[in-house]
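First the structure, in the form of structure tokens, and then the observations on it.
The values are calculated or read from the model by the stated rules, or taken from the named source; none is laboratory data. Note that the structure is a prediction, hence the values are computed from the model and not measured. Positions of Cβ are generated from backbone atoms using ideal geometry, with glycine treated the same way; all protein chains shown enter the neighbour counts.
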């Protein structure tokens, strides 16, 4: 019996980020061979977008903008994620409560139909 062992793939969190300037005022990052985000020069600073195109933030320097992609726990990402999660939970609670109320009402009125 032959046992073949493969080295585990390097985790993306430890992979190095590579930057390429693809146009005047536009840089693209890739990490582990995959698209990681971009930085776009705008009036008065730089805007960073993550791999999904979601804006991470606006920064005064290119170095700060590039480094903002290094951490998924960047304050801008964390606060945006919390707001989105809170809004989703609120919406789900309202929809669920409405469905429950309609179900109870239908059950209570069913004998009279």
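For the range 32-73, taking the residues that are touching a helix residue (DSSP H, G or I) at 6+ places or on another chain (Cβ under 6 Å) and without any contact (Cβ under 8 Å) to a residue 24 or more places away in the chain, the one that is surrounded by the most Cβ atoms within 10 Å (Cβ to Cβ) is identified as 48. Is it fair to say residue 86 is assigned to a helix (DSSP H, G or I) and modelled with pLDDT under 90? Spelling it out, it is not the case that residue 86 is assigned to a helix (DSSP H, G or I) and modelled with pLDDT under 90.
Among the residues making up the range 89-113, those that are modelled with pLDDT of 85 or more and surrounded by fewer than 10 Cβ atoms within 10 Å (Cβ to Cβ) are 107, 108, 109, 110, 111, 112.
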